[in-house]
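Some notes on the structure that comes next.
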Amino acid sequence: MGVGIEVRGLNAWYGKNQSLNSIDMTVPANHVTAVIGPSGCGKSTFVRCLNRMHETIPEARAAGSVKVGDMDIYGSGTDPVEVRRRIGMVFQKPNPFPSMSIYDNVAAGLKLNGFRNRKQTDELVERSLKLSALWDEVKENLHKKSGASLSGGQQQRLCIARALAVEPEVLLMDEPASALDPISTSKIEELIFQLKQHYTVVIVTHNMQQAARVAELTGFFLMGSLIEYDKTEKIFTTPADKRTEDYITGRFG
Amino acid sequence: MRGVSLWRRLTNQGATAFAIAAAILVLVPLLAIFVYLVIKGIGSVNIAFLTQTPKPPGEVGGGMANAIVGTALILGVASVIGVPLGIGAGIYLAEYGRNRFGDAIRFTADVLNGVPSIVIGVAVYSLIVVRQKHFSAFSGGIALGIMMIPTVARATEEMLLMVPNVIREAAYGLGIPKWRTTLSVSLRTASAGVITGCMLAFARVAGETAPLLFTAFGNQFWNLKLNQPTAALSLQVYTYALSPYDDWHKQAWAGSLILIILIVGAVAAVRIATSRGRLKGA
């Protein structure tokens, strides 16, 4: 089951450049929440702060309060590795492990974290690949083919399966379909819609139609600030802020 | 327009011809050496050569069996020292060494790479042989192992830096700790290149003579102990080639041939072993 996210006063920096200014946002459990905005507005940085991936970049840091369920992400005793185990992430470009088979890709998060139960691993791999709608396409070649041999769309679904296999509570997706063709994109979108039964999903997207199709809630970011955050329908039909309206009507961005 | 396309075609063909000629030129000395070795050496390679120890000076016959085994022994010690230390240093340089300490190590490795091999032999002689008061296969292996480290380290570093960062991010995103990511994801992704680096280092030191002159020293008799003076093919070839005996000259050619075959064989064996089980599309 998914859990909700509470963001309070979140700031982030790259070196001396501040890229997020005091973000407050409440993401409800088992919903899909979209984050939109022009390039460089901080939307990717924002989701990378939610699982402490931001700080893996040299000189990058973040401060503020993020609570995911009962876990205080930036609490002093919180281990970032543990955070990332509970909050999965799918990246913009499909990034399967090229030297591993399809099976090993999906099982990587389990095996490399010391999970040794063979039978349970088999079950989790199958379940994750079915959830990500890839199972039927790869079940014959699980051990024979490398993850890198799949098509771009399949690779991205493989990456989703890999993230799901460790049974996270939240799934962060950073423009998961931006490198894919329309058919693969629609498959991923269908998949996101299914996933919210089990997970809380936060998706960054460039594509406003995509946000409108998959998300119940949408936040609009501009220059490192959250300008407006509301029901998707409201954002796209009657936005409260002039800048949101300008963006969604295509006047800039 | 016609003139342009003719000119393009000519330069294209010219450049292709140049590339092919360069490739052939590179192969010529290699093939020439190998063919010459086979012609000169094959006549003296026989069962006795491969199974017997050297005969006393002046007598005809005998072989280099002890030197073949000695070379394997010394190279084994060298690889046990050079490969793990080199890979470890390479991992440090690529994953943690983006700082002044890393730069210092990088510089040191490059300097070590350029140190004449005989100097390394002298250093190991004074540090180990003098202290232990006798020559040994072990000290020879250390000298060659030291020579392997910088090559292996820099190759490992280069190969790890070629692993795209998104691969590491994928692992971090799964909650895999950094050390695990480095070993099981980055190093594994770079493994083909790292193995090539190790093989290059191995092949380079396998034929070294100078560092063995006063470490392994050479031996006319069988020895399988690491702490005793040990024969090596390169040393034996050196001694035999300088001798006044015709039969030893022939055996020196045969020894060179066997050395080359052993090196090529070892490299090929590692290649085959590591390419087995490679996945489709990897």
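The values are calculated or read from the model by the stated rules, or taken from the named source; none is laboratory data. Just so it is clear, the model here is predicted, and its values are computed rather than measured. So basically every Cβ, Gly included, is an ideal-geometry build from the backbone, and we count neighbours across all protein chains shown.
Restricting to the range A:112-136, give me the number of residues that are under 26 Å from B:K178 (Cα atoms) and surrounded by fewer than 17 Cβ atoms within 10 Å (Cβ to Cβ).
So the answer is 8.
Out of A:L129, A:L134, I need the residue that is more than 12 Å from chain B (Cβ to nearest Cβ), within 27 Å of A:N30 (Cα to Cα), of a type in the set (A, V, I, L, M) and touching a Phe, Trp or Tyr at 6+ places or on another chain (Cβ under 9 Å). Which one? Spell out how you get there, then give the answer.
Details: A:L134 fails: touching a Phe, Trp or Tyr at 6+ places or on another chain (Cβ under 9 Å).
Result of the check over A:L129, A:L134: A:L129.
Looking for something touching a strand residue (DSSP E or B) at 6+ places or on another chain (Cβ under 9 Å), assigned to a helix (DSSP H, G or I) and in contact (Cβ under 8 Å) with a residue 60 or more places away in the chain - is there at least one such residue anywhere in the range B:76-99? Full working, then the answer.
Of the residues in the range B:76-99, the ones touching a strand residue (DSSP E or B) at 6+ places or on another chain (Cβ under 9 Å) are none.
No, because not a single residue in the range B:76-99 is touching a strand residue (DSSP E or B) at 6+ places or on another chain (Cβ under 9 Å), assigned to a helix (DSSP H, G or I) and in contact (Cβ under 8 Å) with a residue 60 or more places away in the chain.
Got at least one residue in the range A:91-107 being buried (at least 18 other Cβ atoms within 10 Å of the Cβ), under 23 Å from A:V27 (Cβ atoms), within 9 Å of another protein chain (Cβ to nearest Cβ) and in contact with a helix residue (DSSP H, G or I) (Cβ under 9 Å, 6 or more places away or on another chain)?
Yes, there is a match, as at least one residue in the range A:91-107 is buried (at least 18 other Cβ atoms within 10 Å of the Cβ), under 23 Å from A:V27 (Cβ atoms), within 9 Å of another protein chain (Cβ to nearest Cβ) and in contact with a helix residue (DSSP H, G or I) (Cβ under 9 Å, 6 or more places away or on another chain).
Return yes when B:L27 is loosely packed, with under 13 Cβ neighbours inside 10 Å, at negative phi, out of contact with any Pro (no Cβ under 8 Å at 6 or more places or on another chain) and not basic (K, R) and no when it is not.
Considered against the rule, which asks whether it is loosely packed, with under 13 Cβ neighbours inside 10 Å, at negative phi, out of contact with any Pro (no Cβ under 8 Å at 6 or more places or on another chain) and not basic (K, R), B:L27 comes out as yes.
Sort through B:G14, B:G58, B:G43 and tell me the only one that's over 17 Å from B:W253 (Cα atoms), touching a residue at least 24 places away in the same chain (Cβ under 8 Å) and exposed (fewer than 13 other Cβ atoms within 10 Å of the Cβ).
Numbers: B:G14 fails: touching a residue at least 24 places away in the same chain (Cβ under 8 Å); B:G43 fails: over 17 Å from B:W253 (Cα atoms).
After ruling out the rest, the residue left standing is B:G58.
Can you tell me which of B:A201, B:A231, B:A241 is free of Cβ contacts under 8 Å to residues at least 60 places away in the same chain and on the phi < 0 side of the Ramachandran plot? Write out each step before concluding.
On the way: B:A201 fails: free of Cβ contacts under 8 Å to residues at least 60 places away in the same chain; B:A231 fails: free of Cβ contacts under 8 Å to residues at least 60 places away in the same chain.
None of the others qualify; the one that does is B:A241.
What's the number of the condition B:L73 fails, among (1) surrounded by fewer than 20 Cβ atoms within 10 Å (Cβ to Cβ); (2) of a type outside the set (S, T, Y); (3) more than 17 Å from B:I261 (Cβ to Cβ)?
The number of the failed condition is (1).
Starting from residues that are without any contact (Cβ under 8 Å) to a residue 12 or more places away in the chain and either more than 9 Å from chain A (Cβ to nearest Cβ) or of a type in the set (V, I, T) (or both), keep the ones in the range B:166-182 and report whichever is surrounded by the fewest Cβ atoms within 10 Å (Cβ to Cβ).
This residue is B:W179.
Tell me, yes or no, whether the range A:137-156 has at least one residue that is surrounded by 19 or more Cβ atoms within 10 Å (Cβ to Cβ), within 13 Å of the chain's Cα centre (by Cα) and within 14 Å of chain B (Cβ to nearest Cβ).
Looking through the range A:137-156, at least one residue is surrounded by 19 or more Cβ atoms within 10 Å (Cβ to Cβ), within 13 Å of the chain's Cα centre (by Cα) and within 14 Å of chain B (Cβ to nearest Cβ).
Here are the criteria: (1) part of a loop (DSSP other than H, G, I, E, B); (2) at pLDDT 95 or above. Tell me which single one B:E59 does not satisfy.
Unmet condition: (2).
Would you confirm, using the coordinates I've provided, whether A:M89 is without any contact (Cβ under 8 Å) to a residue 60 or more places away in the chain, hydrophobic (A, V, I, L, M, F, W, C) and within 24 Å of B:R168 (Cβ to Cβ)?
Numbers: without any contact (Cβ under 8 Å) to a residue 60 or more places away in the chain: no; hydrophobic (A, V, I, L, M, F, W, C): yes; within 24 Å of B:R168 (Cβ to Cβ): yes.
So A:M89 fails the test.
Kindly indicate the residue of the range A:157-195 that is within 11 Å of another protein chain (Cβ to nearest Cβ) and among the small types (G, A, S) and also farthest from A:I87 (Cα to Cα) among those meeting that condition.
By that ranking, first place goes to A:A165.
With the structure loaded, tell me whether A:A179 is hydrophobic (A, V, I, L, M, F, W, C) and at pLDDT 90 or above or whether it fails that test.
Numbers: hydrophobic (A, V, I, L, M, F, W, C): yes; at pLDDT 90 or above: no.
The answer is no for A:A179.
Name every residue in the range A:210-249 that is touching a Pro at 6+ places or on another chain (Cβ under 7 Å) and without any contact (Cβ under 8 Å) to a residue 24 or more places away in the chain, in order of residue number.
Listed by number, the residues that qualify are A:E228, A:E245.
Here is a list: B:L37, B:L27. Which entry is under 33 Å from the mean Cα position of the chain (by Cα), part of a helix (DSSP H, G or I) and without any contact (Cβ under 8 Å) to a residue 40 or more places away in the chain?
Details: B:L37 fails: without any contact (Cβ under 8 Å) to a residue 40 or more places away in the chain.
Exactly one residue qualifies, and that residue is B:L27.
Does B:I195 satisfy the condition of being of a type outside the set (D, E, K, R), more than 14 Å from every other protein chain (Cβ to nearest Cβ) and touching a residue at least 40 places away in the same chain (Cβ under 8 Å)?
On the way: of a type outside the set (D, E, K, R): yes; more than 14 Å from every other protein chain (Cβ to nearest Cβ): no; touching a residue at least 40 places away in the same chain (Cβ under 8 Å): yes.
No; evaluated as a whole, the condition is false for this residue.
Inspect the range A:69-80 for any residue being polar (S, T, N, Q) and buried (at least 21 other Cβ atoms within 10 Å of the Cβ) and give the result as yes or no. Even if it seems obvious, please write down each step before you answer.
The initial filter retains those residues of the range A:69-80 that are polar (S, T, N, Q), namely A:76, A:78.
From what is left, the residues that are buried (at least 21 other Cβ atoms within 10 Å of the Cβ) are none.
For the range A:69-80, residues polar (S, T, N, Q) and buried (at least 21 other Cβ atoms within 10 Å of the Cβ): absent.
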